[in-house]
Structures are given as structure tokens and as C-alpha cells.
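The values are calculated or read from the model by the stated rules, or taken from the named source; none is laboratory data. These figures come from a predicted structure and were not determined experimentally. FYI the Cβ positions are ideal-geometry reconstructions off the backbone, even for glycines, and counts take in every protein chain you see.
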Amino acid sequence: MSENLEYCTIVFDSLENGTLIIDENCIVWAWNKWLEINTGISSESIIGKSLELFYPEINYRGFQRKIRTTLRLSTPTFYDASLSNRFITIPRNKISTSLLTTMQLQVTISPYIAEMQRVMVSIHDISDLHELKMTLQQKMAEIVHLNTILTKDRKRIEILSITDPLTKLYNRQKLNDVLEMMLLRRHWNEENSFGMIITDVDYFKKVNDTYGHQVGDKVLIAVANILSQTIRTGDILARWGGEEFVVLVSDVDKEKICFVAEKLRTAIEQMNIPDMGTITASFGVSLFVEGDTDETLMYRSDLALYRAKKNGRNRVEFS
Amino acid sequence: MQASEFSDDHLDILKELMNIAMGNATASIADLLQAFGTMHIPYISVSDLNGLKSFIEETIPNDRQYYVTKQLFGGMFGGEFIFVMTDESAVNLGNYLYDISKPERADILDAVVELTNILSATIVSRLTEELNTKVQFFVPSTELVEGNNLIGLAEILDYHKIIIVSTQMVFQTQNISGYIFILTKGEMIERLRHLIDQKLEELYA
């Protein structure tokens, strides 16, 4: 019998976790070596005394209720093992990391001797797990933050790659892509006709020479804005280069596209630009015909524009 | 017989046993927490992943925050006990158990774990006792979840055929209520069926 008791004591003191036996009135009946080492409280000094004398900070109403539950139901009860300790506080001496200064404990209260109202409290140090979790959460937050920046940057780069920096309209590259798609779509669906309007600000060189490049830029921005406001939703407007703009117009015939071009011409003509006055623009219009490529369509629009310039400017010509 | 062929007789017996277990739970809570509550008649079904997802979506409104406590139990019969409380109910519970007007997060978490302990121990233990077996409970974990997305995709994928046992618990005076789910899967369904068969034999012997 005494040999068995000796074995039990050896096992009890060899446990790699804190273990204590306590009764419903919180009197300590056993306190193992792990607890002696980690709390600095010897078993001789605590056995037979109330735990409250050593750890007054514990909520004893809750603790005693847990003991009662354990005894009545003959089943283990647990303390919440998240970041706030609800049981005893044990300092942590880990030097390589400083995330936790006290041990994070997982506390289980198990039935021990029900008739004597005693339970066994097992205390496991889960600080390393918590530190790992905290580090992972921190890293995850960093990744999410970096990903947000990356997504924003990617969007910004995408926008920059297809936008003219001065007028914020689509640039020539984007217009070529859209034109290619429209030609392909036209290839699949013959009913889906479209046309191209190319416009050039009249006497733009004179504007630059007379008023300077800053006013010239203002004129280009004003033209871009008025064209944007006048075209239909779904039509594609781009700055082709210099003072030239191109509009791709869907679902039109000759009459409709010339009407659109005339509307744009009038809008520019009626516009008043601060510090400068009014300007005009010439328009070349062409409609997609069977066998057209982007080059032939552009060629005919350019030809029409040339004719508009030659015939006195501030007019629309179709080719 | 496959798990999916869990018969109506098996489900009826399980429902009966759950009624007994829930009676036990309400009595224990009244004794241990001095709170007098009621539990709804349990809903029991054999389902699959989508069924579980839809059931949770139908049962639990999506526009709230919930304290979700999950506790595994194992043995001859095993599974997962899930207890779900609204933020408001959990605060009321923390307030009631710790007698604090404004309980801190730690108080609330501990109160939720405490109630889950009692519920799982009384319901599952009584159920398994009726089935002449014993289970062991593992450390529960609680998290605050936004909406009714209670079970992660990875977890859902881990469950194939599932038995859902669900009920609602209400403590009117304390304004506390919660949803209880007991999930079991795969081989455990087979074992449960076997245990119920033994119980049936015992009853009709």
C-alpha cells in the first residue's frame, strides 16, 4: 500500500503540467512539483490552506460553481483557454519572445473523490501555441494589408496603361484593342455595324503659339470633356495623339453616324474656353464595310478628315 | 445498411432519447445555475453537407454576431457539440453568472464555455448513458462569428454524411437563448445505429 502511494507521489510530481487537488471550499489537498517550481509556492506552505490566501484575484464564485458542476455531473469542466487567464497567474520567463509575460493556461477540472467533494485541477501551459497563433494572426494581417496595397497598385497600373495622362481618355493602345474586338464581333454578327469618327482641333498649333502650351493643354482637356459628355453611353472615345481624338460608334448607319459627328462638331463650336475663347474642329467619318481591317477603316476616316480640312474646316465629311 | 439508410425507427428512438437528455439538461441547469429554462423539441435529420449548410442558414439569422462554442466528444460514439448564442444573450449570461452589470469579454467567454460544458455534459452524457456507453469530452473553444457562417469550408468538407440534432434553449427571465447542434458523421453514425439497435433489442427483450 505504501509502495503504491510512493509510486503515485512520484507520478504526481513527475507530471509535465500543474496538478492540484482541491475541495469545494477551495482548500488545497495536493500541489505537485510542477506547480512548486513554476509558482514558487511549496506544497508544505499551501496544503491544508485555502487557495484564496495565495490567489485572491480568482473569481471564486465561478470557480466553486465549476467544481460543483464537475462533482454533480461527474464530468470535466473547463476554463476558457483564450487570451485572458481566469485562473492562477504564473510568470513566464521565456527570453527569446516577449509576446506573453504570463503563462497562458488551459485549465481542466476533473472529478477526483466525489464523496469528499474533491476535484483535480490540471493546468497546461499553452503559451507557445498562443504565441504561434498571435504571430500567425499578425502575419495574416500584414499579408492582407500588403495584398490591399498590391491590388490598389495593380488597378492603378492597369488604368495608367490604358489612359491618356492629360485628358484621362483611353489612349491609342486601348482604342486599338477595342477596335480589334469590334472587328471580331462584326465578323461573328453581320448585323452589328459600327463606324469611326476622327476629329482634329482646327488651328491648334496657332493656339499653342499664341497662348502657350498650358492653354493648349486646357483646350485639349476641354475638348475631351465635351466629347465625353456628348457621345452615347457605350461609344468609345480615345485620344489618338496630339490634337486628334477618335470615337468608335456602335449600331449606326451613315445617316446616324454623321448626325453624331455633327452633334460633336456643334458642341465644340459652342464651347467657351476661359482665357482663350472659342475653337472649332474638323471631322472625318467612315462606316465599317465588308472586308475592312482596322487600317482600311482608319485610312478612310483620315481621308474624310483631310477633306474636311481642305473644304474649309469646322465641318463633317464622310468617306 | 448504409448510414444514409438510418431508418425512421432509429430517428424516432434518437428523438425520444434526446427528449430525455434535454429534460436532464434543463434540470441540471436549474440546479447548478439557478436558471429555469425550456428546450424546444429537437429536430433530428440525416443530412449531407449542403443540407447542414442550408439548415444552419434557415435556423440562425445572418444579421447578428454569435458566440460559437465547439466541443468534441469521443468514444464508442463521438461527434461535435456546437452551442451558438447571440452577442446579446452571451452578455446577459456573463452578467448573470458573474453578477457584473458590464461583463468583460473574458467573463462572457468563460460564461459561454461554462454553459456549454453543462449542456454538452448533460445532453450527450445522458444520451450515451441511455445507449449504455460512455464518452470523453475535449477542451471546448469559443469564437465570435459574424453572421451564420458557423462552419468553415474545410470543416464542412470533413463531414460527409451527418446526423444533425438541433434544438433551441431559452431562459426567459434572464433573456438568454441559444442554438444547440450535435453533429456526428461517418463511422460514428454506424456506431450510433448499432447502439440504437442494441437499445431496441433491450427494450423489446
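With respect to the conditions (1) surrounded by fewer than 24 Cβ atoms within 10 Å (Cβ to Cβ); (2) farther than 17 Å from B:Phe181 by Cα; (3) within 13 Å of another protein chain (Cβ to nearest Cβ), B:Leu93 lacks only one, and its number is (1). Every residue in the range B:1-26 that is in a helix (DSSP H, G or I), touching a residue at least 24 places away in the same chain (Cβ under 8 Å) and surrounded by fewer than 17 Cβ atoms within 10 Å (Cβ to Cβ), please. Matches in the range B:1-26: B:Ser4, B:Asp9, B:Leu11, B:Lys15, B:Ile20. Scan the range A:14-29 for residues that are buried (at least 17 other Cβ atoms within 10 Å of the Cβ) and within 20 Å of A:Met103 (Cβ to Cβ) and the total you get is 5.
In the range A:75-98, the residue that is nearest to B:Val112 (Cα to Cα) out of those that are exposed (fewer than 15 other Cβ atoms within 10 Å of the Cβ) and more than 14 Å from every other protein chain (Cβ to nearest Cβ) is A:Pro91. Where residues in the range A:122-134 are touching a Ser or Thr at 6+ places or on another chain (Cβ under 9 Å) and within 14 Å of chain B (Cβ to nearest Cβ), which of them is surrounded by the most Cβ atoms within 10 Å (Cβ to Cβ)? In this case the residue turns out to be A:Ile123.
Can you go through B:Met39, B:Met76 and tell me which one is in contact with a strand residue (DSSP E or B) (Cβ under 6 Å, 6 or more places away or on another chain) and away from chain A (no Cβ under 14 Å)? None of the other options fit; the residue is B:Met39. One residue alone among A:Gln137, A:Gln106 is in a strand (DSSP E or B) and either more than 12 Å from chain B (Cβ to nearest Cβ) or surrounded by 18 or more Cβ atoms within 10 Å (Cβ to Cβ) (or both), and that residue is A:Gln106. Just to be sure before I move on: is A:Arg232 surrounded by 15 or more Cβ atoms within 10 Å (Cβ to Cβ), under 43 Å from the mean Cα position of the chain (by Cα) and not in a helix (DSSP H, G or I) in the structure I sent? Answer is no for this residue.
Looking at A:Val260, A:Val252, A:Val201, just one residue is touching a residue at least 40 places away in the same chain (Cβ under 8 Å) and touching an Asp or Glu at 6+ places or on another chain (Cβ under 6 Å), and that residue is A:Val201. Residues in the range A:236-250: is at least one over 20 Å from A:Thr296 (Cα atoms) and touching a Gly at 6+ places or on another chain (Cβ under 7 Å)? No, the range A:236-250 contains no residue that is over 20 Å from A:Thr296 (Cα atoms) and touching a Gly at 6+ places or on another chain (Cβ under 7 Å).
Quick grid of which residues meet (1) touching a Gly at 6+ places or on another chain (Cβ under 8 Å); (2) within 14 Å of another protein chain (Cβ to nearest Cβ); (3) farther than 30 Å from A:Ile126 by Cα:
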{"site": "B:Thr116", "(1), (2), (3)": "no, yes, no"}
{"site": "B:Leu127", "(1), (2), (3)": "no, yes, yes"}
{"site": "B:Gln136", "(1), (2), (3)": "yes, yes, no"}
{"site": "B:Pro140", "(1), (2), (3)": "no, yes, no"}
{"site": "B:Asn149", "(1), (2), (3)": "no, no, no"}
{"site": "B:Gln168", "(1), (2), (3)": "yes, no, yes"}
{"site": "B:Ile189", "(1), (2), (3)": "no, no, yes"}
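B:Ser54 satisfies every condition listed in (1) more than 18 Å from the chain's Cα centre (by Cα); (2) exposed (fewer than 14 other Cβ atoms within 10 Å of the Cβ) except (1). Beta carbons closer than 7 Å, at least 6 apart along the sequence or on distinct chains, never pair a first residue in the range B:188-205 that is under 11 Å from B:Thr133 (Cβ atoms) with a second that is in a helix (DSSP H, G or I) and polar (S, T, N, Q).
Per-residue answers, yes or no, for (1) in contact (Cβ under 8 Å) with a residue 24 or more places away in the chain; (2) over 20 Å from B:Ala106 (Cα atoms); (3) in contact with a Cys (Cβ under 8 Å, 6 or more places away or on another chain):
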| residue | (1), (2), (3) |
| --- | --- |
| A:Asn38 | yes, yes, no |
| A:Ser50 | yes, yes, yes |
| A:Leu53 | no, yes, no |
| A:Arg72 | no, yes, no |
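Scanning the range B:55-68 for residues that are of a type in the set (Ser, Thr, Tyr) and in a helix (DSSP H, G or I) yields a single hit, B:Thr59. Do we find a residue being modelled with pLDDT of 90 or more, closer than 12 Å to A:Val201 by Cβ, in contact with a Lys or Arg (Cβ under 6 Å, 6 or more places away or on another chain) and small (Gly, Ala, Ser) anywhere in the range A:217-235? No, there is no match, as no residue in the range A:217-235 is modelled with pLDDT of 90 or more, closer than 12 Å to A:Val201 by Cβ, in contact with a Lys or Arg (Cβ under 6 Å, 6 or more places away or on another chain) and small (Gly, Ala, Ser). Considering the range B:101-114, and only residues there that are under 18 Å from A:Ser82 (Cβ atoms) and surrounded by fewer than 20 Cβ atoms within 10 Å (Cβ to Cβ), the residue that is nearest to the other protein chains (Cβ to nearest Cβ) turns out to be B:Ala106. Of B:Asn62, B:Asn149, all but one fail to be more than 18 Å from the chain's Cα centre (by Cα) and surrounded by fewer than 20 Cβ atoms within 10 Å (Cβ to Cβ); the exception is B:Asn62.
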